[in-house]
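Right, I'll just put the structure down here and ask away after.
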């Protein structure tokens, strides 16, 4: 029997049927609704659609939010509607299948450790860069969740006191400067500061700045747009800044860059590595972590959630 993993992100709900080797056999997708009931409807719909065509034993939900230590409820999700919600039980009752929850970055970390870029590593940090930043920490082969299930929430480390407002309620969080959302925000700020430097992005933002997504900025950067390239350089700077903090605290063997923005890694990762090396304490006198992109790409959370669900159902 296969398992289904569902990556519940701030922008989309993506589901996949996964076999025991970590291979995604089939996928389905829906937009992420802002309403709690509609969100659970969307999850149920994509899972049922896949289960009609594949034998499925369990479902894992990879959630961008704080998951309780029992992995049954979501305590808080900055980009989702759930607040202290018994999500696993509600979805399980609708599907008639066992359901387990996991933080999306933890799920991705598990997948990369078992099947991908972090195989064999003892201490791993995964940074999932998408709508925001998620993070996972693996110590001696085990996911570290903290005393209350919310560690490590690296995306909401405050890197700029009084900086850009964040959906979590704070200002200046790392993800407000290093994410797909941050990329579009930076591009809009640069367009206002340097009018006339980018006809491509200016056209995109003219009618509605919300239409200028991080994906569009990355595409413009690939085409050589000056403002888009500057926005990408800013993201690289902030990625290096944050990774240096991570290295000073956790001293990882491998850092895995995952999430939707990682698809554009050739545009920023080399520069980020240089910033990281320059800012890490003791560079030149200590080993520093290798930085790799996720081998499973943007399917890592799906694979990890499905694998966890299969392991839990068979235990």
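If contacts are Cα pairs under 8 angstrom and at least 6 residues apart, what is the relative contact order of the chain in percent?
Details: 709 pairs, mean separation 68.0, N = 315.
This gives 22 percent for the chain.
Right, another one. For the residues 103, 68, what sequence is obtained by ranking on other C-beta atoms within 10 Å, fewest first?
Numbers: 103 31, 68 19.
By the 10 Å Cβ count, ascending: 68, 103.
Let's test the formula: R0 of 41 Å, r as the Cβ-Cβ distance of residue 27 and residue 278. What FRET efficiency results, to the nearest 0.05?
Details: r = 40 Å, r/R0 = 0.97.
Plugging the Cβ-Cβ distance into 1/(1 + (r/R0)^6) gives 0.55.
At R0 = 22 Å, how high is the FRET efficiency between residue 160 and residue 223 if r is their beta carbon distance? Nearest 0.05 is fine. Mind showing how you got there, number by number?
Numbers: r = 30 Å, r/R0 = 1.34.
So, using R0 = 22 Å, E works out to roughly 0.15.
For the range 95-173, which semi-axes, largest first and in whole Å, follow from the square roots of 5 times the eigenvalues of its Cα gyration tensor?
25, 17, 12
Based on the Cα coordinates of the range 33-127, what is the per residue volume of their convex hull in Å³? Mind dumping the intermediate values first?
Values: hull volume 11.2 nm³, N = 95.
So the per-residue hull volume is 118 Å³.
Treating each Cα of the range 266-315 as an identical point scatterer and ignoring solvent, apply the Debye formula and state log10 I(q)/I(0) at q = 0.20, 0.28 Å⁻¹.
Reported log10 I(q)/I(0), two decimals: -0.77, -1.04.
Further, regarding this structure: Sort 232, 1 so the one with the fewest other Cβ atoms within 10 Å of its own Cβ comes first.
Values: 232 24, 1 12.
Neighbour counts put them in this order, fewest first: 1, 232.
How much length is gained on full extension from residue 233 to residue 36, taking 0.36 nm per residue of separation minus their Cα-Cα distance? Mind showing how you got there, number by number?
Working: separation 197, 0.36 × 197 = 70.92 nm, distance 3.65 nm.
Length gained, residue 233 through residue 36: 67.3 nm.
How large is the direction-averaged shadow of the alpha-carbon convex hull of the range 204-263, in nm²? Display every interim value, and only then the final one.
On the way: hull surface 20.0 nm².
So the mean shadow area of the Cα hull is 5.0 nm².
With a Cα-only, solvent-free Debye model of the chain, what are the log10 I(q)/I(0) values at q = 0.12, 0.14 Å⁻¹?
Results for the chain at q = 0.12, 0.14 Å⁻¹ read -0.78, -1.05.
Let me ask something else. If I take R0 = 22 Å and measure r between the Cβ atoms of residue 44 and residue 314 in this structure, what FRET efficiency does the formula 1/(1 + (r/R0)^6) give, to the nearest 0.05? Let's see the in-between values first.
Details: r = 23 Å, r/R0 = 1.06.
For residue 44 and residue 314, the calculated efficiency is 0.40.
Quick one: length gained pulling residue 20 to residue 194 fully straight, 0.36 nm per residue minus the C-alpha distance?
Working: separation 174, 0.36 × 174 = 62.64 nm, distance 5.17 nm.
Result: 57.5 nm gained on full extension.
Further, regarding this structure: Who wins for biggest fluctuation among 122, 260, 22 in a Gaussian network model of the chain, springs between alpha carbons below 10 Å?
122
Per q in 0.12, 0.20 1/Å, what log10 I(q)/I(0) does a Debye calculation on the alpha-carbon atoms of the range 217-315 return?
Debye intensities relative to I(0), on a log10 scale: -0.50, -0.99.
Using a 10 Å cut-off around each Cβ, can you sort 94, 193 from fewest to most neighbouring Cβ atoms? If you can, show how the numbers build up before the last one.
Values: 94 15, 193 10.
Ranked by crowding around the Cβ, least crowded first: 193, 94.
Kindly provide the Kirkwood hydrodynamic radius of the range 118-294 in Å, to one decimal, from all pairs of distinct alpha carbon atoms.
On the way: mean 1/r = 0.0598 Å⁻¹.
Final number for the Kirkwood radius of the range 118-294 is 16.7 Å.
Just need the relative contact order of the range 118-294 here, percent rounded to a whole number, with Cα pairs under 8 Å and 6+ apart.
Values: 309 pairs, mean separation 40.4, N = 177.
Worked out over the range 118-294, it gives 23 percent.
What number, in percent, do you get for the relative contact order of the range 83-142 if the mean sequence gap of Cα pairs under 8 Å and at least 6 apart is divided by its residue count? Numbers along the way, then the final one.
Values: 60 pairs, mean separation 15.8, N = 60.
With pairs under 8 Å counted, the relative contact order is 26 percent.
Which distance in nm do the two modelled labels at residue 144 and residue 94 give, with both placed 7 Å along the Cα-to-Cβ direction?
3.6 nm
Between residue 202 and residue 76, what is 0.36 nm times their sequence separation minus the Cα-Cα distance? Round to one decimal in nm. Working shown, then result.
Working: separation 126, 0.36 × 126 = 45.36 nm, distance 3.59 nm.
Full-extension gain reported as 41.8 nm.
Every number in this text was worked out from the coordinates using simple rules, so none of it is lab data. All values derive from a computational prediction rather than experimental measurement. Cβ coordinates were reconstructed from backbone atoms using ideal geometry, including for glycine residues, and neighbour counts include every protein chain displayed.
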